[in-house]
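Notes follow once the structure below has been shown.
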Amino acid sequence: MNDLIIIRGLPGSGKTTYAREKYKDYVNYEADMYHTKNGVYVYKKENAGAAHNECLTRVAQSLKNHRKVVVSNTFTTQKEIDAYIKLATELGKTYCIIRMTKQYGSIHGVPQSDIDKMKNRMVDIPGEVLV
């Protein structure tokens, strides 16, 4: 089993559900966790950068503590995923990338126009596994 599982896909593609069901023994992080206050999802675009930075920091801390980690975010571009690949490589950890390809509908109310923009930015990542 890999030390780091990176799950990517559009909003509503089942990333969180897949992570929770398939990787029960892993610590799970996603940027959406940092937009949730008292159990309520409140997305503010101005907080997106901080949310992603916090997510990467938590993943790094867990990997350094020899925990197995699954991180699930949209990761539409190579640049968005590179920091996680670099982190795993520097720590000598194995990783795999999984892209969710189905659509179930966004539970966070992401407008279809935003999902379409993300879809247009989505690139293939060499070696990723399509689910």
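The values are calculated or read from the model by the stated rules, or taken from the named source; none is laboratory data. Given the structure is predicted, the values throughout are model-derived calculations rather than measurements. Every residue, glycine among them, receives a Cβ derived from its backbone with ideal geometry; neighbour counts consider all protein chains shown.
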(request) Among the residues of the stretch 59-95, write down those that are assigned to a helix (DSSP H, G or I), surrounded by 18 or more Cβ atoms within 10 Å (Cβ to Cβ) and not aliphatic (A, V, I, L, M). (result) S62, Y84
(request) For the stretch 7-33, name all the residues that are out of contact with any Cys (no Cβ under 7 Å at 6 or more places or on another chain) and in a strand (DSSP E or B). (result) I7, R8, V27, N28
(message) Here's a check for you: in the stretch 96-131, which residue that is in a loop (DSSP other than H, G, I, E, B) and small (G, A, S) is modelled with the lowest pLDDT?
(response) S106
(message) If G92 satisfies all but one of (1) modelled with pLDDT under 95; (2) on the phi > 0 side of the Ramachandran plot, what's the number of the condition it fails?
(response) (1)
